[in-house]
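Participant: One structure is given below, represented as structure tokens, and several questions about it will come after.
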Amino acid sequence: MIVNDLQPAIATARSSRLSRRAPSVAAVATDLAVLSAVTVAAAVGRMRLPFFRETADVNELAQLVGVPIVLGWILFIAAHGGYSSHTLGAGTGEYKQVVRGTMVAAGVTGVLCYLAKFQFSRGFFFLLILIGIPSLLLGRLVLRRLLHAERRRGHLAHRVVVAGSGAQVDEVARVLNRESWLGYHVIGAVVPAAETTDHTEGGVPVLGSTARTAAVVADSDCDIVLFAGGAVTSAQAMRRAAWDLADTPVQIMLVPGLTDVANDRVRVRPAAGLQLMELEGPRAHAATRISKRIFDVVGASALLVLFSPLMLATAIAIHLHDRGPVLFRQQRVGRNGDLFDLYKFRSMHVGADSMVDTVTAHNKHDDDHVLFKAAQDPRITGPGRVIRRFSLDEMPQFLNVLRGEMSLVGPRPPLTGEVERYTADVRRRLDVRPGMTGLWQVSGRSDLSWEDSVRLDLYYVDNWSIVQDLVILARTMLVVLTARGAY
């Protein structure tokens with residue numbers, strides 16, 4: 001069933017519509033608090049830091065211009081859409097708008113001070129920008145985490161009616177229910193008259209036919225109508241549907257039929273009233289270019305040097321435990337199906353491969369799951385549980401990266417037995433080098449279902465970018481420290 005335990009979420013969503021403005025209000029309050037603290041910090045830093053010349057009027061200056069600066073900063077961020085509800089909580093647009101608003105505010109401040117011949121402390125101004133931008137972004141990140149947590153609990157939710165064929169409704173509902181942090185709760189669907197039933201095959205309640213969309217919207221008290229495939233038969237029908245909903249407060253959204261596509265691969269081009277969507281092709285080949293290889297070699301070399309003391313301590317602990325070998329080598333499948341030996345610190349007893357049948361009952365996943373993963377595996381040694389918990393066993397794979405067999409970021413390196421069970425779609429994971437970390441690593445690791453693991457790996461292959469690699473590496477550090485999904 002796609003719709004599970006929906007009533008609590010619906011009851012929560014019926015709370016005052018004013019509560020849905022909470023993200024924007026919270027964003028303003030967060031920025032206000034952050035900028036007030038930044039202004040104080042910049043004034044203190046200007047007076048205390050040794051590389052600034054001493055001055056006696058910075059404190060008075062901060063008191064004089066502090067409030068106008070903070071309020072003006074907020075207004076410029078708002079002018080750039082930094083508090084628009086449709087950008088808060090998802091995507092990078094929110095952060096871009098904050099940075100753009102900040103840079104424009106800085107430029108305007110400089111110009112006004114110059115024209116008015118106002119003696120503004122350059123050190124104070126420099127510290128405001130230097131401290132302000134990362135502080136604002138950090139504040140927004142914390143706010144986003146809190147917002148996602150509230151949405152997962154069913155708060156600050158939008159009531160959504162999906163219009164379309166039953167199959168399209170089910171596909172949209174699956175995505176929205178899976179990504180509950182978005183805060184879109186599907187309360188029902190409107191489908192073509194020929195398909196009208198009590199529920200779709202996925203379990204979404206059918207509230208009426210697409211011809212009665214406006215009446216259903218009024219009766220259901222929804223916030224958003226999502227028009228998916230099969231909702232309308234022509235552009236004229238879509239225009240009429242929009243006219244019917246013009247006097248209602250609902251938001252109209254269109255689902256273009258694209259899923260798991262990064263924003264920067266899609267561009268909208270207007271052409272004589274048509275909104276043409278240009279889709280850039282998958283980026284699997286781009287992920288094999290020399291730029292990524294240079295990134296991998298430089299990054300792996302630096303990390304190998306940085307973690308060498310920890311690697312030495314780990315090796316000593318493994319050897320002292322049972323006097324067995326420190327490293328474990330296992331054949332994995334790399335890019336284009338090439339086989340290679342993957343290196344790990346040994347976390348299991350010697351001969352653990354021959355004990356697989358004895359621990360099948362401990363398999364975390366169902367019998368038809370391609371992966372074998374036991375949450376309570378008796379083959380793991382005492383030191384092994386520690387190094388697995390914090391992914392220390394993966395560190396020797398820096399050598400695989402330097403040898404060109406792996407990448408710092410990429411799909412999970414599969415076993416030969418897993419690849420034999422791959423479907424044609426899943427084999428696209430092999431178009432790029434496997435990675436030490438990836439979207440699977442920062443999204444739950446062993447707690448992921450096979451379907452989600454495949455979806456994330458294919459998303460990475462099709463939407464690769466250096467920026468995404470950097471984000472994944474940063475998120476990996478947080479996941480490793482919290483040991484989420486590791487066993």
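The values are calculated or read from the model by the stated rules, or taken from the named source; none is laboratory data. Source: prediction; values computed, not measured. We place every Cβ from the backbone using ideal geometry, glycine too, and count neighbours over all the protein chains shown.
Participant: With the condition being out of contact with any Asp or Glu (no Cβ under 7 Å at 6 or more places or on another chain) and modelled with pLDDT of 85 or more, I'd like the strands (runs of 3 or more DSSP E) fully within segment 237-331 carrying at least 2 qualifying residues.
Facilitator: 251-254
Participant: OK, next. Mind counting the residues in segment 453-475 that are surrounded by 15 or more Cβ atoms within 10 Å (Cβ to Cβ), more than 12 Å from the chain's Cα centre (by Cα) and among the β-branched types (V, I, T)?
Facilitator: Final tally of qualifying residues: 2.
Participant: Also, quick follow-up: Any idea how many residues of segment 134-193 are touching a Pro at 6+ places or on another chain (Cβ under 7 Å) and not in a strand (DSSP E or B)?
Facilitator: So the count comes out to 4.
Participant: Would you pick out the residues in segment 102-119 that are of a type in the set (A, V, I, L, M, F, W, C) and either surrounded by 15 or more Cβ atoms within 10 Å (Cβ to Cβ) or in a helix (DSSP H, G or I) (or both)?
Facilitator: Residues satisfying the conditions are M103, V104, A105, A106, V108, V111, L112, C113, L115.
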